[in-house]
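Reading through the structure tokens given below for one structure.
The values are calculated or read from the model by the stated rules, or taken from the named source; none is laboratory data. In this text the structure is predicted, and so the values were computed from the model without any measurement. All Cβ positions, glycine included, derive from the backbone under ideal geometry; neighbour counts span all protein chains shown. Each accessible area value is taken on the protein alone, full model and side chains, heavy atoms only, with ligands, DNA and RNA left out. Shrake-Rupley method; radii C 1.70, N 1.55, O 1.52, S 1.80 Å.
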Amino acid sequence: MKAPRLRIVSALMAAAIIAMLTAVSSAAPANPLDGSNAQASELLNQAARDAAAGHNTVARQALIKAAAIDPSNMAVQKLLGDVEYRLEHYAAAATAYRLVLARDPTNKEVHNRLGGVYAAQDDLANATAEFRRSLPLSEGFINLVQTYADIGKLGDLEAEYFRDMEHEPYEPIAHYNLGYIYYYEKKYGNAIAEYQAALDRGSRYNDARNALGMVYGDLGRYDQAIAEYKNVLKQDPTYYLSWMNWGVELIRQGKYDEAIEKLNQAIEIKPDYARSYDNLGVVYDYRGDFNKAVELYERSLALDPRQREAYQNLGSIYFTHNLINLAEAAFIKGLAVAPHFADLHFNLGVVYQHQRKFALAAQQYKDVLAVAPDNASARAQLATVQAAITR
């Protein structure tokens, strides 16, 4: 039986849910005559540094103090929501975000973050509503697509955005949005056509060009993918997603030293983006550096407790090193925050099968087929374990 396969993940066209969890870049200016406000701002700035470094508990303590000193500072509440989310204190995170929205009800970024909280609690109806309130924020749109996929209604969203594209055929974003849905559905030809249409209407549309590179990468056309990332970076050298995706294409080609360079460039630009650490972990995993890979996967999860691919990769490396109980725990924890992710169900099924817990394995393979009924591997493994149960 094959071990669970490591999954190399390209970034979504814009940040996924945790990309909303960026550290506060600037606090509201403190009144120099007001010592209390100055103290709150100082605590906020320190908390932002701690949060970016993954020290969420320390950051939380500082933010609680800052909020007590200056309860009107919404930058404090926003970052407190982020940190509570990372610590999986979802009710507290929602409270902080709602305080911000009570003051600023049109804050699309915070609507997106609150949607992430609801998604973490598997409250997909409220998550969808908040992601829609965040539109046209690109992060919110991507989260909306993932949520529709999780509830098995991505076809409905495709139909909706196809109508939008027909209604506004000259708007680049309409083609980009539809292209992303196609990309998520692995309808790569359709995705390429929509991204090209977006670029025809706006040649400097970097999100669309980065996305086009990702499609080429998934199709194994690595040189074309990298060419698109280079074009993005000529226009904007700080576009960290293209640095990261360039690194992913290099991983796929086995060029690990070059991949590390590109991924570290992405991290230098955006040190709190969880997926870069996950992909960097894959490099060290492939190079056989167990400790470094685990460290990076855990860093990714410290920045994003819902980073489903990091749980996948962490569990896989544990399984490969015969740390079966740790692998099982990683996959179960991943499913606690991403219960509709088929790959995690499949890999947990492999673990149970390895442990000869055939009934439990069968249930996991059934869970895969409930989400992805055409998954031939899950169907084959289900038949194997069902035969073992009846023997």
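What to note about this one:
- Boolean, VAL368 is over 23 Å from TYR286 (Cβ atoms), open to solvent by less than 50 Å² (accessible area, probe 1.4 Å), of a type outside the set (Lys, Arg) and touching a Phe, Trp or Tyr at 6+ places or on another chain (Cβ under 6 Å): yes
- Pick from segment 322-357, criterion of a type outside the set (Asp, Glu), open to solvent by 40 Å² or more (accessible area, probe 1.4 Å) and in a helix (DSSP H, G or I), ranking: farthest from PRO305 (Cα to Cα): HIS354
- Qualifying residue in segment 57-72 (condition: surrounded by 22 or more Cβ atoms within 10 Å (Cβ to Cβ) and out of contact with any helix residue (DSSP H, G or I) (no Cβ under 6 Å at 6 or more places or on another chain)): no
- For segment 272-298, the candidate set comprises residues that are outside any helix (DSSP H, G or I) and in contact (Cβ under 8 Å) with a residue 12 or more places away in the chain; within that set, the residue that is farthest from ARG60 (Cα to Cα) is ARG287.
- Where ALA15 falls short, out of the listed (1) assigned to a loop (DSSP other than H, G, I, E, B); (2) surrounded by 20 or more Cβ atoms within 10 Å (Cβ to Cβ); (3) at pLDDT 90 or above: (3)
- Matching option when the condition is in a helix (DSSP H, G or I), touching a helix residue (DSSP H, G or I) at 6+ places or on another chain (Cβ under 9 Å) and open to solvent by 10 Å² or more (accessible area, probe 1.4 Å), among LEU250, LEU263, LEU301: LEU301
- Single residue of segment 202-229 satisfying the filter (among the basic types (Lys, Arg) and in contact with a helix residue (DSSP H, G or I) (Cβ under 8 Å, 6 or more places away or on another chain)) that is least open to solvent (accessible area, probe 1.4 Å): ARG209
- Among residues of segment 304-321, those that are outside any helix (DSSP H, G or I) and either among the hydrophobic types (A, V, I, L, M, F, W, C) or open to solvent by less than 20 Å² (accessible area, probe 1.4 Å) (or both), counted: 3
- Selection over segment 276-290 of residues that are within 13 Å of THR320 (Cα to Cα) and more than 21 Å from the chain's Cα centre (by Cα) gives a count of 4.
- When GLU109, GLU139 are checked against the criterion of being in contact with a helix residue (DSSP H, G or I) (Cβ under 7 Å, 6 or more places away or on another chain), surrounded by fewer than 24 Cβ atoms within 10 Å (Cβ to Cβ) and assigned to a helix (DSSP H, G or I), a single residue qualifies: GLU109.
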